[in-house]
Amino acid sequence: MIDKIFQKGRETGLNDMEVYYSEGSSLSLKVFQKDLDGYSLSESEGLSLRGVYKGKMGYSYTEKVDETSIDQLVKDAAENALIIDSEDEEYIFEGSKEYKKVDSFNQALSNVGEEQKINFVKSLEEEAFRLDKRIASVEVCIYGDGYGETIMSNTKGLFLRDKSNIAYTYIAVVAKDGEDIKTGMAYRTGNDFNAFNAQDIAREAVDEALALLGAKSVKSGDYNVIIRNSAAADLMEAFTGIFSAEAVQKNLSLLKGKLNEKIASDKFTLIDDPYMEGGLASKSFDGEGVACKYKKVVDKGVLKTYLYNLKTAKKDGVDTTGNASKGSYKSSIGISPSNFFVEKGERTLDEMVADIDKGILITELQGLHSGLNSVSGDFSLAALGFLIQDGKISRPVEQITMAGNYFDMLKNIEETGSDLKFGMPGEAYIGSPSLRIKKLSIAGE
Amino acid sequence: MLNRKLIEDALTAALSIGGDFAEIFVEDRTNNGIVMIGGKVESTMSGRDYGAGIRIFKGFNSVYAYTNKTDRDTLIETAKKAAKAVEGNIIDHTINLIKTDVNNINTIQIDPSSVEKTRKVQVMKKAYDTAFNYDDLITQVSVNYTDYIQNIMVANSQGLWKEDTRVRSRLGISSVASKNGEMQSGFYAPGASKGYEFFENLDIDYYAREASRIAVTMVNAKYSPSGRMPVIIDNGFGGVIFHEACGHGLEATAVAKGLSVFAGKVGQQIASPLVTAIDDGSIPNEWGSYSIDDEGTPSQRNVLIENGILKGYMIDMLNARRMNMDITGSSRRQSYRFSPTSRMSNTFIDNGSSKPEEIIASTEKGLYAKNMGGGSVNPATGEFNFAVMEGYIIEKGKIKEPVRGATLIGKGTEVLNKIDMVGNNLLQGQGMCGSVSGSIPANVGQPMIRVSELTVGGREGE
């Protein structure tokens, strides 16, 4: 079918063309009160075309992958190319010299039987209830896995193929003590089913909810703050866009003009490693077919590079960093990191807490899609956590906001913990250790 | 979209093991998106989403399967696979579909697919020019154009068989103002269940100027104070407070399993007597409106709260079973990839009697949230947070200097009781609402309201 698309494209006047095809299957299992109350499965596919027409790149896609769609695909791509008036040149890539092998497919996961998965997710819920009688309900208890395969093929001779599978599990529990209600959650992702331990996962969610019971607000003011690993990773993720060369070129990143300048404290090193062991965004080629590579984006506080795709690299007269993204066949080419993380430090979270006379440990940040401005760097986020007094956790804290500016915060990182943790994988897999920040403003009572 | 025999056979296959209800949903949707940055069209994407989802109930449990292929073999095969997940005794089902016409509430005048793309770009250029030329401090403007035509078919084992077409259009304008190395942004994104006539009749200049005005005001603003204080939230998108703080907790998704703080409270006073709140998916041509929901039920006006008393929830077919209550035409999904569930449509606090100027004049000291950003809520605890895009200090009954970076936090149950003034200038705003069944268009709305006390998170002290 790909050849037929290219043939039709040539007849229409498209020059270089590329087809991106993906197919996949997925399963998800949801348990509520010992019952398998949700079961979903899917098999899906989609195909997109991009091609150069009259000097501009046009895109189109379809989920009806058969020959009846070819005419529309080609017509849409040509029409879309015609209205592009950006002068930045987007082009089809002929291929890198070599590609490192990345194995993101684990046969063992495909061999796990459905019965086993159902037993696992039921035991996860059961375990949560068993751990403490204050667990009033389990809001969500899910296991899911998926398999995906993508093919990229273009008229410049590039043909790349990639397949991967992944499993995930997520539990959210509600703890109740009188009128006091608190929630806790835990998740795991990866393609080794045996690494999912129901007891550990349930314990993590339950402990989190219980620890927050009895939480109160605190007095407003500036505090020494430790942002725990998972919350720090969430915050990092929300600001990932500032490292994109696209944002820089479009005047939408304050990192413009800051290359080789100090933008963060010495303690802050930020790495993009597409070949990281166990990385859930590991890949050998990016969304344009360019071989991926390891890079330090920030080294001991100094900004070393932006993240580039072919178009933005050409504009800046540099080589692409292999960070072109193609979220799915529905997306045009953008920019995204791969396994993207803050380098870990030496000491544990407990050791970091022990140094603080009076401060706050933030364990959860909320409203990350609304309470921050990635352009200005300003954030003001609802948060949960604990008050630290005399080097110890003294009590849980709720109904507070943590406010500051991300660019200022990077400069005020006093220490990074040894507890690097990654968030839920999306296009990128983003991680951070716990971060100690000199001063952030906390609003409460 | 599919022939009657195939639908009946697929539904029969879905019930072949022991399910007591089966439904098939087919979607064929064309999307058009154009992005303009700095006055130049940067990217465009158009394409076709196509697929079918099969849902089976057995008591309170449900099974969902979807596929992109709707040929006979794939569909029957998918239905059988899904059926296998259901345990139980086979019930004899005779399926007899009766095709019913849908009463269309969203009249479309101009099919967006019939309009040249260059005309759509002209609309964007106009927005760009107005926004960019608003002030010298404006350094970047992005404009997003979206239109889509979603054809759906839904049929179920009770004989329901309906087809519908939903057309929506939206224009997003985002302005960035810069000053002394700092940047602030302003955003406006009107939308409607209309065709291309939406763009022709839209006051583009107004929205473009508003986006830029907010950015410029905020780049000149100081940081918001923090602490507990009275907060006045203006009409329109300010309704996001009710959406987050209360609306999600009234969706059967949260209520049926007892996970919402509002579960079991129908008939009880849950809000200040000044509050009447409504979810109405049947308002013609509104962004969150639909003729039938994704289970085939006509949309309707649902009174959620009347004078502070909880009247009802938003309920879908599956949760109706668990709750033993009637469905409310509220079952929605992003696409065939999602199993539908109870969601909001156009949700708003109804008009009260105060004049907006009275509300401001009677406030000694507090925050005036003129334009709101987004937010989120934890339905179990009722804790919400949302961002103030454009805020001002109020002193001695007067609106004073602008402040930036304020976030409002609180608990839904508390804030509902602390609404002490409700204005008479109801207005709707458009947003996308994300939840278990995906991201869907939804209106939020309210007149100006005052909350006697809320926690404001900012960077400055009191």
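The values are calculated or read from the model by the stated rules, or taken from the named source; none is laboratory data. Because the structure is predicted, anything quoted here is derived from the model rather than measured. Neighbour counts are summed over all protein chains in view; Cβ atoms, including those assigned to glycine, are modelled from backbone coordinates with ideal geometry.
Observations, loosely collected:
- Close pairs (7 angstrom Cβ cut-off, 6 or more residues apart or separate chains): touching a residue at least 40 places away in the same chain (Cβ under 8 Å) in segment B:370-393, in a loop (DSSP other than H, G, I, E, B) and aliphatic (A, V, I, L, M) anywhere: B:PRO379/B:LEU259; B:ALA380/B:LEU259; B:GLY382/B:VAL261
- Taken over segment B:421-438, residues that are within 30 Å of B:ARG55 (Cβ to Cβ), away from chain A (no Cβ under 11 Å) and not hydrophobic (A, V, I, L, M, F, W, C) amount to 4.
- Flag if A:ASN154 is buried (at least 22 other Cβ atoms within 10 Å of the Cβ) and closer than 30 Å to A:ILE135 by Cα: no
- Residues that are without any contact (Cβ under 8 Å) to a residue 60 or more places away in the chain and either among the β-branched types (Val, Ile, Thr) or crowded, with 22+ Cβ neighbours inside 10 Å (or both) within segment B:114-150 comprise B:THR118, B:THR139, listed in sequence order.
- Some residue of segment B:30-42 being surrounded by fewer than 24 Cβ atoms within 10 Å (Cβ to Cβ), without any contact (Cβ under 8 Å) to a residue 24 or more places away in the chain and at the interface with chain A (Cβ under 9 Å from one of its Cβ atoms): yes
- All conditions but one from (1) in the same structural domain as B:ARG48 (by TED's automatic domain parsing); (2) in a loop (DSSP other than H, G, I, E, B) apply to B:ASP136; the one that does not is (1).
- Matching option when the condition is exposed (fewer than 15 other Cβ atoms within 10 Å of the Cβ), out of contact with any Cys (no Cβ under 9 Å at 6 or more places or on another chain) and either not assigned by TED's automatic domain parsing to the domain that holds A:SER394 or not polar (S, T, N, Q) (or both), among A:GLY190, A:GLY184, A:GLY178: A:GLY178
- If you go through segment B:181-236 and keep only what is without any contact (Cβ under 8 Å) to a residue 24 or more places away in the chain, away from every other protein chain (no Cβ under 14 Å) and part of a loop (DSSP other than H, G, I, E, B), you end up with just B:ASP203.
- Within segment A:429-445, tally of residues that are part of a loop (DSSP other than H, G, I, E, B) and either buried (at least 24 other Cβ atoms within 10 Å of the Cβ) or without any contact (Cβ under 8 Å) to a residue 40 or more places away in the chain (or both): 2
- Among (1) assigned to a strand (DSSP E or B); (2) more than 11 Å from chain A (Cβ to nearest Cβ) - the single one B:MET389 does not satisfy: (2)
- From the list B:GLY59, B:GLY53, the lone residue that is small (Gly, Ala, Ser) and either more than 28 Å from the chain's Cα centre (by Cα) or at the interface with chain A (Cβ under 7 Å from one of its Cβ atoms) (or both) is B:GLY59.
- Residue in segment B:397-420 that is nearest to the other protein chains (Cβ to nearest Cβ), counting only those that are within 23 Å of B:PHE262 (Cβ to Cβ) and touching a Lys or Arg at 6+ places or on another chain (Cβ under 8 Å): B:ILE419
- Filtered residue count, segment B:67-110, keeping only those that are part of a loop (DSSP other than H, G, I, E, B) and over 34 Å from the mean Cα position of the chain (by Cα): 10
- Members of segment B:276-304 that are without any contact (Cβ under 8 Å) to a residue 60 or more places away in the chain and either on the phi > 0 side of the Ramachandran plot or β-branched (Val, Ile, Thr) (or both): B:THR297, B:VAL303
- Count of residues meeting criterion [in contact with a strand residue (DSSP E or B) (Cβ under 7 Å, 6 or more places away or on another chain) and surrounded by fewer than 23 Cβ atoms within 10 Å (Cβ to Cβ)] in segment A:387-396: 6
- Number of the condition not met by B:PHE199 [criteria: (1) surrounded by fewer than 23 Cβ atoms within 10 Å (Cβ to Cβ); (2) modelled with pLDDT of 95 or more; (3) under 30 Å from A:ALA247 (Cα atoms)]: (1)
- Test: residue in segment A:283-306 that is crowded, with 23+ Cβ neighbours inside 10 Å and under 24 Å from A:LEU410 (Cβ atoms): yes
- Residue that is within 12 Å of another protein chain (Cβ to nearest Cβ) and under 30 Å from B:SER435 (Cα atoms), where the choices are A:SER441, A:SER432, A:SER338, A:SER331: A:SER331
- For segment A:242-264, taking the residues that are in contact with a Leu (Cβ under 7 Å, 6 or more places away or on another chain) and crowded, with 18+ Cβ neighbours inside 10 Å, the one that is nearest to A:LEU372 (Cα to Cα) is identified as A:ILE242.
- Cβ separations smaller than 8 Å between residues 6+ apart or across chains give the following pairs from segment B:308-328 residues that are of a type in the set (Ser, Thr, Tyr) to residues that are in a helix (DSSP H, G or I): B:TYR313/B:LEU250; B:TYR313/B:ALA252; B:TYR313/B:VAL255; B:TYR313/B:MET323.
- Every condition in (1) more than 21 Å from B:LYS69 (Cα to Cα); (2) modelled with pLDDT under 95 is met by A:LEU29 except one, and the failing one is (2).
- Against the conditions (1) under 20 Å from B:ALA52 (Cα atoms); (2) at pLDDT 95 or above; (3) away from chain B (no Cβ under 13 Å), A:ARG10 satisfies every one except (1).
- Criterion: surrounded by 23 or more Cβ atoms within 10 Å (Cβ to Cβ), among the polar types (S, T, N, Q) and more than 7 Å from chain B (Cβ to nearest Cβ) - qualifying residue of A:THR416, A:THR401: A:THR416
- Test: residue in segment A:194-204 that is among the aromatic types (Phe, Trp, Tyr) and either in a strand (DSSP E or B) or within 30 Å of B:VAL456 (Cα to Cα) (or both): no
- Residue tally, condition outside any strand (DSSP E or B) and either crowded, with 20+ Cβ neighbours inside 10 Å or within 14 Å of chain B (Cβ to nearest Cβ) (or both), over segment A:341-352: 2
- Across segment B:444-456, a minimum of one residue is classified as under 17 Å from the mean Cα position of the chain (by Cα), buried (at least 24 other Cβ atoms within 10 Å of the Cβ) and within 30 Å of B:ARG337 (Cβ to Cβ).
- In segment A:294-325, the residues that are more than 26 Å from A:LEU235 (Cβ to Cβ) and not small (Gly, Ala, Ser): A:LEU310, A:LYS311, A:LYS314, A:LYS315, A:ASP316, A:VAL318, A:ASP319, A:THR320
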